[in-house]
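The values are calculated or read from the model by the stated rules, or taken from the named source; none is laboratory data. All figures in this text were calculated on a predicted structure; none of them were measured in a lab. Backbone-built Cβ (ideal geometry, glycine too); neighbour counts: all protein chains shown. Protein only, heavy atoms only, side chains kept; ligands, DNA and RNA dropped before computing areas. Shrake-Rupley method; radii C 1.70, N 1.55, O 1.52, S 1.80 Å.
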Amino acid sequence: LHSFPTRRSSDLQDAPLEDTVSAAEDWIRIYERHPRFLSPYATVAGYFAMHDIRFAEIPDLLENALKETQRMRPAEPVSDVDENPQLGRNYLSTLNSIAGSFLTIGKYDRARELLDQIGPELVKQRLPESADESERRRYAMSEYAYWNNMSKLAHAEGNKLDYLTYERNAILSHSTIDSPPPDQQYRDQMPPECLERGEGQRQGIRGLAR
C-alpha cells in the first residue's frame, strides 16, 4: 500500500503523480470499508484540484468531505468547562480547505455558501485579549485562510474593491503567524484603494461584525 503524502508540501511535490493517485484511491477504498480513521476526501480533492487531474471526481469528493465535516461540527458548549476551542478551529480549518478547493475548480456558489458559514464562526471564536501567543497564532491561521479565500472569490467575480480589502485583511492576519514587518510598512505597500476601502477593517475579522 502506497503512503499518501499528507504531512508536508515537499512530499506532495516529490512523490510521482501516478503513485500518489494510486495511494489516494487506496486510502479512499480502505476508509470506506473502515471509516474509523482520518477522512481522505478533502485532502484527496485538494490534491487533485492542485494538479488539475480527475476533475470530474472532485465535486463528489468535496461533497463527501463536507458531509463528514458537518458531522464533526462542535456542539454549543453547556458551560466554559465543556468548551473545546481546538475542535472549533479544526472544523473551520477543514471548511476553509473545502471552500478553497471549490474555488480552485470554479464552484463559486458552493465556496460562498461555506464562507458565509465560516465568517460568523470566526466572530464567535474571537479570542480575548488574555489569550496566549500560541492561541493567537492558531486563530490567525483560520482567519488568514478565510480572508485568502474571500479574496480569491472576489477576484474571480471581478469585485476589485472587495478583492483589495480581503487581500489586505489576509496580510494583516498573516502578520500574526509569521511576524513580518510592522503594520505601517504593510500599509505603505498596499494600493490606496485598498487602504480607503479597508480602513474600517483594520482588525481583520472585526469587519464582519459591522
Quiz prompt | Checking THR6 against (1) within 20 Å of THR94 (Cβ to Cβ); (2) modelled with pLDDT of 75 or more; (3) open to solvent by less than 90 Å² (accessible area, probe 1.4 Å), the condition it does not meet | solution = (2)
Quiz item: On the given criteria, is SER142 on the phi < 0 side of the Ramachandran plot, modelled with pLDDT of 95 or more, in contact with a Leu (Cβ under 9 Å, 6 or more places away or on another chain) and hydroxyl-bearing (Ser, Thr, Tyr)?
Solution: no
Quiz item: For the range 46-60, how many residues meet the condition of being open to solvent by 40 Å² or more (accessible area, probe 1.4 Å) and under 16 Å from ALA99 (Cβ atoms)?
Solution: 1
Quiz item: Which members of the range 85-110 meet the condition of being modelled with pLDDT under 85 and touching a helix residue (DSSP H, G or I) at 6+ places or on another chain (Cβ under 9 Å)?
Solution: PRO85, GLN86, GLY88, ARG89, TYR91
